[in-house]
Amino acid sequence: MATLTICLPTRNRQAYCIETIRAIADSASRDFEVVVADNSDDGSVLAAFFVGFADPRFRLIAPEGRVLSMVDNWERTMAAAQGRWIAFIGDDDYCDPRVAELIRRYERMFPDVEAVGWNRMNFNWPDNRPRPTLATIPLSFDTYVAKKSLLADRLFRWSEGKRRPSAGFGAYHGAVKRSLMDRIRKKFGGRYFEHPMVDYESSCKVIAEAKTLVHCQRPFSVLGACAASNSAGALSRKTMMERAKIFEEETKDNIALDRSDFPFTLVDQGSSICVGVAATTWWFCRTYGIDLTGFPENFAKAAIHECMSSPDIEEYEVKVAGFRRGFAAWDGGRWKDLFAPPPFAGNRILNETSGVLNDIMYLAEAKVPARTPYEFYRFGEHAIIAVDHLVAGTRTFAR
Amino acid sequence: MTRLSILIPTRNRQAFAIDAARHMLKNPRNDFEVVIGDNSDDPAPLAAFAAEMADPRLKLIPPEAAALAMRDNWERMIPQTRGEWVTIIGDDDYLDPDLAEVIRVAQRAVPKVESLSWGRSYFTWPDARAPREITTLPTRSHLRTLEKKDLMKRAFFWEEATDRPTCPFGAYHGAVRRELLERTRETFSGRYFEHANCDYDSICKTVMLAEAFVLWERPMSVFGTCRASNSMGLRDDAIGRERVGAVLAESAESFEAEGFPFPPTLGITASVGHTIESFKKKYGIELSGWEENFIRACAKDCETAADRDLFARRKAGYGMAIEAWKGPSARKLFKPEYKYQPNVPRFLGHADDKLYFDMDMGGAKSAAEFYGIIDSMLFPVHLLEGRLA
């Protein structure tokens, strides 16, 4: 049995998916498998690709008779995975299969480990740069055993008060032990994945359930964003609205995104990823009885942070209005006074400040000689610890 | 207005100079010029390049009838430039014309500035590179003023020196105001450059004369080393001795400082030592208290040797010279240690405000391409002014 299954659910982005498959197949490692779960309208493209692609490490699951929601496609991908550990990535991302070597090292060091996290690089495909963009490369390489209470405070109660809570663990760009995934299914709704925002719902469940969680600062995967990805919404409000509508339509048979007990809607001019993540963590905590003390106060801070991160006054105003509506309707308006954002501080220079900050390198993406997440990963590896040294536990280096 | 003249003196390495100039001229700004001082045996390649570019920002100074010494080639270029500021790089180096913007901002912040410098970055051309080489890049980006007295300590007292003084102010990979260059010529012997080590000659004079110094910690240029460059001598001892020998042949009588018994072929420390000592002697500058720092720099020059035999040769050579210079008690201060450990892996990542990375990152084939890659990682020039506001 391979140490790791990399799950690659995909829908209607066959060209990116094929590029990603080729990138992962470039690895000499044998200790992994890849399950490609095709949810496209046209199944023939990937089927044809697999005919000429004789790599036993890869398996294709064809589309079903109807289009699945993303969460349902993830569910069947997981069911097909055979590795001892599971990691999901998007079809426009990259994951280095050698992360299996890291997992094996952590298993030796921490026998109870059930979740392994790592830092990620960020990369926008060349077709997704409507304005200046920055790619990122985390540069450090220490290992941390996570303190569960701290993770829970951050993710469930938003203790950092930032526009997005830190998660660091979960099946998306992280690895989860199969036995934990099975426990999660048993405990939470009889499914591996329930909520439409699969990445954060997985983080919630993993952080609630894993015995030991270990994080490596060295990046092992790349969060890619192409023009067709949901994350492209982060660069354009119009795109975000369109994607949110499609997302809502496709997931109508799953857990409802709109909840009367958390009336901040995703499909709203003033919405943001902050709202979507909060709706997910709120749903999880309410459904499974997690203590939410402090969440309203912290979420108000996060909402202010989200508004203040707007690039211009128009976006600031539309977001403020959206949060005001939500806070007015939430819990009888009990928390609405906590949402008091200061006036807009002026247009921000967004995504132009390249350089190194807090051991993360930000790169002016247009100048980087890489066309794909994999090329970018290979580029970035020139400035980070080699996998060989990391998994050997080398601590002494010459400068 | 031409704010900046970028000077590229070159001899018989036309392709390198052409690559640098071609990349510079892609920059749309109009406030700089590139001046190539061709000292090659064959004038045709650069003449053809200038004709092809037909860019008023490019000026080519053709070779004279006979090859010039390097410092004479540098010397003849200055009067043929029109920039308010001047900077000089080697033909296998690169410099970003956006330096003109840095100069503009620095002048607004420090109106008296006459000497500007920036962080250092290094690139070895693929033809001269070991299979895997790690280079460093400063990652800070503050604009700072430096005090003359502190720079004097660095240049003349070898304070904080490595195997050479760490004082980056001068015309070579630094920018100096034209007024300062003219004052330099008037003050010292009627020439801009006197010693064959033109770079350190310029540092000595700039530190003495400039009114104010500004450093932008962010690199704006790349020190390149190709197989044919003098700096290749720092990587290969035999080449080093040959290259220093060639420089000495050009300027035999004026290279060595009197009473300074260090053979210039010993290494970079000895060579730079002659430049600084020649300058001090010629202009009657007497200093004491710098000798111990210099001896430490000599030890560092030995310690950069990856090869044990080379280390031993340098150690013996410097040891003898130090004893001949200041006696056995001085030699006791000279304690180089062989430190090279080929089996210890090299660090990659970020530490002490430096990025350590494999020089092959991005697969740059030239110093200009390498600059393009590090430029993506560094604080953007166009945001400098906003940050100071």
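Values for this structure:
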read-out: Which listed residue is in contact with a Cys (Cβ under 8 Å, 6 or more places away or on another chain) and acidic (Asp, Glu), from B:Asp150, B:Asp96, B:Asp127, B:Asp91; value: B:Asp127
read-out: Residue within the stretch A:381-399 that is outside any helix (DSSP H, G or I), more than 27 Å from the chain's Cα centre (by Cα), β-branched (Val, Ile, Thr) and within 14 Å of chain B (Cβ to nearest Cβ) present; value: yes
read-out: Residue match in the stretch A:351-368 (condition: out of contact with any strand residue (DSSP E or B) (no Cβ under 7 Å at 6 or more places or on another chain), facing chain B (nearest Cβ under 8 Å) and closer than 30 Å to A:Ala28 by Cβ); value: no
read-out: Which listed residue is exposed (fewer than 15 other Cβ atoms within 10 Å of the Cβ) and among the aliphatic types (A, V, I, L, M), from B:Ala367, B:Ala306, B:Ala351; value: B:Ala306
read-out: Complete set of residues in the stretch A:330-354 that are of a type in the set (A, V, I, L, M) and modelled with pLDDT of 95 or more; value: A:Leu338, A:Ala340
read-out: Scan of the stretch B:374-385 for residues that are assigned to a helix (DSSP H, G or I) and within 7 Å of chain A (Cβ to nearest Cβ), ordered by number; value: B:Asp375, B:Ser376, B:Met377, B:Leu383
read-out: Top-ranked residue of the stretch A:197-221 - restricted to ones that are in contact with an Asp or Glu (Cβ under 8 Å, 6 or more places away or on another chain) and assigned to a loop (DSSP other than H, G, I, E, B), ranked as farthest from A:Phe110 (Cα to Cα); value: A:Ala210
read-out: In the stretch B:159-174, residue nearest to B:Glu292 (Cα to Cα) [restricted to those that are in contact with a strand residue (DSSP E or B) (Cβ under 6 Å, 6 or more places away or on another chain) and part of a loop (DSSP other than H, G, I, E, B)]; value: B:Pro168
read-out: Residue check, B:Ala306 part of a helix (DSSP H, G or I) and either more than 14 Å from every other protein chain (Cβ to nearest Cβ) or in contact (Cβ under 8 Å) with a residue 24 or more places away in the chain (or both); value: no
read-out: Residue satisfying condition, being touching a residue at least 40 places away in the same chain (Cβ under 8 Å) and at positive phi, within set A:Gly190, A:Gly161; value: A:Gly161
read-out: Residue within the stretch B:50-61 that is more than 15 Å from B:Asp93 (Cβ to Cβ), touching a residue at least 40 places away in the same chain (Cβ under 8 Å) and acidic (Asp, Glu) present; value: no
read-out: Members of the stretch A:86-101 found to be in a helix (DSSP H, G or I) and closer than 15 Å to A:Tyr377 by Cβ, listed by number; value: A:Val99
read-out: Residue ID - farthest from the other protein chains (Cβ to nearest Cβ), chosen from residues in the stretch B:314-351 that are of a type in the set (Lys, Arg) and in contact (Cβ under 8 Å) with a residue 12 or more places away in the chain; value: B:Lys326
read-out: In the stretch A:136-185, the residues that are polar (S, T, N, Q) and either under 14 Å from the mean Cα position of the chain (by Cα) or within 14 Å of chain B (Cβ to nearest Cβ) (or both); value: A:Thr136, A:Ser140, A:Ser166
read-out: Verdict on A:Ala302 being touching a residue at least 40 places away in the same chain (Cβ under 8 Å) and either within 12 Å of chain B (Cβ to nearest Cβ) or assigned to a loop (DSSP other than H, G, I, E, B) (or both); value: no
read-out: For A:Ala345: the one exception among (1) hydrophobic (A, V, I, L, M, F, W, C); (2) part of a loop (DSSP other than H, G, I, E, B); (3) facing chain B (nearest Cβ under 7 Å); value: (3)
read-out: Strands (runs of 3 or more DSSP E) wholly inside the stretch A:124-185 containing at least 1 residues that are out of contact with any His (no Cβ under 9 Å at 6 or more places or on another chain); value: A:134-138, A:174-177
read-out: Residue count for the stretch A:271-280, restricted to those that are in contact (Cβ under 8 Å) with a residue 60 or more places away in the chain, among the small types (Gly, Ala, Ser) and under 16 Å from A:Arg243 (Cβ atoms); value: 3
read-out: Strands (runs of 3 or more DSSP E) (entirely within the stretch A:1-85) containing at least 1 residues that are surrounded by fewer than 20 Cβ atoms within 10 Å (Cβ to Cβ) and not polar (S, T, N, Q); value: A:58-61
read-out: Long-range neighbours under 7 Å by Cβ, at least six apart or interchain, first residue over 16 Å from A:Ala23 (Cα atoms) within the stretch A:33-52, second of a type in the set (Lys, Arg); value: A:Ala37/A:Arg76; A:Asn39/A:Arg11; A:Ser40/A:Arg11
read-out: All positions within the stretch A:369-380 that are assigned to a helix (DSSP H, G or I) and either facing another protein chain (nearest Cβ under 9 Å) or charged (D, E, K, R) (or both); value: A:Glu375, A:Arg378, A:Phe379, A:Gly380
read-out: From A:Ile290, A:Ile313, residue being away from every other protein chain (no Cβ under 14 Å) and touching a residue at least 60 places away in the same chain (Cβ under 8 Å); value: A:Ile290
read-out: Enumeration of residues in the stretch B:310-348 that are closer than 30 Å to A:Ala386 by Cβ, modelled with pLDDT of 95 or more and either loosely packed, with under 13 Cβ neighbours inside 10 Å or of a type in the set (Val, Ile, Thr) (or both); value: B:Glu337
read-out: Pairs with Cβ under 6 Å, 6+ apart, first in the stretch A:259-270 and β-branched (Val, Ile, Thr), second modelled with pLDDT under 75; value: A:Thr265/A:Asp258
read-out: Condition met for B:Ala212 (buried (at least 21 other Cβ atoms within 10 Å of the Cβ), assigned by TED's automatic domain parsing to the domain that holds B:Met77, small (Gly, Ala, Ser) and in contact with a Ser or Thr (Cβ under 7 Å, 6 or more places away or on another chain)); value: no
read-out: Identity of the residue in the stretch B:354-364, facing chain A (nearest Cβ under 8 Å) and outside any loop (DSSP other than H, G, I, E, B), that ends up surrounded by the fewest Cβ atoms within 10 Å (Cβ to Cβ); value: B:Gly363
read-out: Answer from B:Pro131, B:Pro111 - the residue that is surrounded by fewer than 18 Cβ atoms within 10 Å (Cβ to Cβ), at negative phi, modelled with pLDDT under 95 and in a loop (DSSP other than H, G, I, E, B); value: B:Pro131
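Results for (1) surrounded by fewer than 18 Cβ atoms within 10 Å (Cβ to Cβ); (2) within 24 Å of the chain's Cα centre (by Cα); (3) closer than 21 Å to B:Met220 by Cα, shown as yes or no for each residue.
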{"position": "B:Pro45", "(1), (2), (3)": "yes, no, no"}
{"position": "B:Glu52", "(1), (2), (3)": "yes, no, no"}
{"position": "B:Asp55", "(1), (2), (3)": "yes, no, no"}
{"position": "B:Ala66", "(1), (2), (3)": "yes, no, no"}
{"position": "B:Arg71", "(1), (2), (3)": "no, yes, no"}
{"position": "B:Trp85", "(1), (2), (3)": "no, yes, yes"}
{"position": "B:Asp92", "(1), (2), (3)": "no, yes, yes"}
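The values are calculated or read from the model by the stated rules, or taken from the named source; none is laboratory data. Quick caveat, the model's predicted, so the values are computed rather than measured. Positions of Cβ are backbone-derived with ideal geometry, glycine not excepted, and every protein chain shown enters the neighbour counts.
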